[in-house]
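S.K.: Have a look at this one before I ask anything.
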Amino acid sequence: MNYLSQYIVPFHGLDKNEHRFNFTVNDEFFEYFEDGIIKGGDFDVIMILIKKTGSLHLNISLKGSVQIVCDRCLELYKQDIDFEDTVSVEFGDETNFDTNSECVILDKNKSEINISQFIYEFANFALPLQHYHPDDENGNSGCNVEMLELLNKHLIKEEEKTDPRWDALKELKK
């Protein structure tokens, strides 16, 4: 049995109402998404499936943490995530998750949907743009000290250049 099959949600036979599903994501989940930013994680997923005539609405929320590489020192660190979004699903002639519209298309003959790709994408959306170790309680960087020293050693400091015309005007003030 494929590990990601636990994220398949059967909706055939459900009444037109709200239905709650709970999932857990761990490091093994991210092994199926190679070359991603996220290297591991441990978070809970709550999905509220709202079934309507001819469509589904999936309210998916993630809460927990993931392991990512620090942009500064290149070591793994734990990043907390808390994210929520909705996926609208309409039924059509064939499945197409790569639409430019505001919804995905699911084959009208399907009776289930695999939400693992949505979970993966939402976990990535939850990440900050810059990935840095959080500061400790004293305000010091949580990055690898040796790497920070190495970076500072090779840091090029530029001299502050001023415009000589402004310098002349500043002399008038005196």
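S.K.: I need the phi-derived Karplus couplings for the range 76-91: 6.51 cos²θ - 1.76 cosθ + 1.60, θ = phi - 60°, integer Hz, Gly and Pro marked x.
M.R.: Each residue's phi maps through the Karplus curve to give 5, 8, 8, 10, 6, 10, 8, 9, 9, 7, 10, 10, 9, 10, 10, 9 Hz.
S.K.: Oh, and also: Can you give me the relative contact order of the chain as a percent, contacts being Cα pairs under 8 Å and 6 or more apart?
M.R.: So the answer I get is 18 percent.
S.K.: Specify the inter-centroid distance of the range 18-56 and the range 125-159, based on alpha-carbon positions, in whole Å.
M.R.: 31 Å
S.K.: Tell me which aspartates and glutamates have Cα within less than 18 Å of residue 63's Cα, excluding those fewer than 8 residues away on the same chain?
M.R.: Excluding near neighbours in sequence, the set is 27, 28, 42, 44, 80, 82, 84, 85, 121.
S.K.: Still on this structure, I have one more. Can you give the extra length, in nm with one decimal, that the chain gains between residue 165 and residue 109 once fully stretched, where that is 0.36 nm per residue apart less the Cα-Cα distance?
M.R.: Using 0.36 nm per residue and subtracting the Cα-Cα distance, I get 12.7 nm.
S.K.: How much accessible surface does residue 170 have with a 1.4 Å probe, in Å² rounded to 10?
M.R.: So the heavy atoms of residue 170 present about 110 Å² to solvent.
S.K.: List the pairs from 39/110; 39/157; 52/110 whose alpha-carbon separation is above 26 Å, in the order I gave them.
M.R.: Beyond 26 Å between Cα atoms: 39/110; 39/157.
S.K.: Amide H to amide H, which residues 5 or more places from residue 132 or on other chains are under 5 Å from it, using H placed in the peptide plane?
M.R.: Correct list: 71.
S.K.: Using θ = phi - 60° and the Karplus relation 6.51 cos²θ - 1.76 cosθ + 1.60, list the HN-Hα couplings for the range 139-150 in order, rounded to whole Hz, with x at every Gly or Pro.
M.R.: Using θ = phi - 60°, the values come out as x, 8, 4, x, 5, 4, 4, 4, 5, 4, 5, 5 Hz.
S.K.: What are the ³J(HN,Hα) values, in whole Hz, obtained from phi via the Karplus relation 6.51 cos²θ - 1.76 cosθ + 1.60 with θ = phi - 60°, for each residue of the range 166-174 in sequence order, with x given for Gly and Pro?
M.R.: Karplus-based 3J(HN,Hα) across the range 166-174 equals 5, 4, 5, 5, 5, 5, 5, 5, 6 Hz.
S.K.: To the nearest 20 debye, what is the magnitude of the charge dipole of the range 1-153 about its Cα centre, counting +1 on the Cβ of each Lys and Arg and -1 on the Cβ of each Asp and Glu?
M.R.: Charge dipole of the range 1-153: 500 debye, to the nearest 20.
S.K.: Follow-up. Keeping all protein chains in place and using 1.4 angstrom, which order do 165, 20 fall into by accessible surface area, from largest down?
M.R.: 165, 20
S.K.: Based on the alpha-carbon gyration tensor of the chain, what equivalent-ellipsoid semi-axes (square roots of 5 times the eigenvalues) come out, in whole Å, largest first?
M.R.: They are 48, 22, 14 Å, listed from largest to smallest.
S.K.: Let me ask something additional. What distance in nm separates the simple spin-label points at residue 42 and residue 61, each placed 7 Å from Cα in the Cβ direction?
M.R.: 2.2 nm
S.K.: I've got another one for you. Take the alpha-carbon positions of the range 81-174, form their convex hull, and give its projected area averaged over all directions (one quarter of the hull surface) in nm².
M.R.: 14.4 nm²
S.K.: Debye calculation, C-alpha points only, no solvent: report log10 I(q)/I(0) for the range 2-77 at q = 0.19 Å⁻¹, in the same order as the q values.
M.R.: For the requested q values the scattering log ratios are -0.87.
S.K.: Amide H of residue 81 versus every other amide H placed in the peptide plane: which residues, excluding those fewer than 5 positions away on the same chain, fall under 5 Å?
M.R.: Close amide H contacts, sequence-distant or interchain: 64, 65, 66.
S.K.: Can you give the FRET efficiency to the nearest 0.05 for residue 140 and residue 75, using r as the Cβ-Cβ distance and R₀ = 25 Å?
M.R.: After rounding to 0.05, the efficiency reads 0.95.
S.K.: Going by amide H atoms built from the backbone, whose H comes under 5 Å of the H on residue 106, apart from near neighbours?
M.R.: Those lying under 5 Å, H to H, from residue 106 are 90, 91, 92, 96.
The values are calculated or read from the model by the stated rules, or taken from the named source; none is laboratory data. Bear in mind that the values here come from a model prediction, so they are computed numbers and not experimental data. Cβ coordinates were reconstructed from backbone atoms using ideal geometry, including for glycine residues, and neighbour counts include every protein chain displayed. We work out accessible area using only protein heavy atoms, side chains counted, and drop any ligands, DNA or RNA first. Shrake-Rupley method; radii C 1.70, N 1.55, O 1.52, S 1.80 Å.
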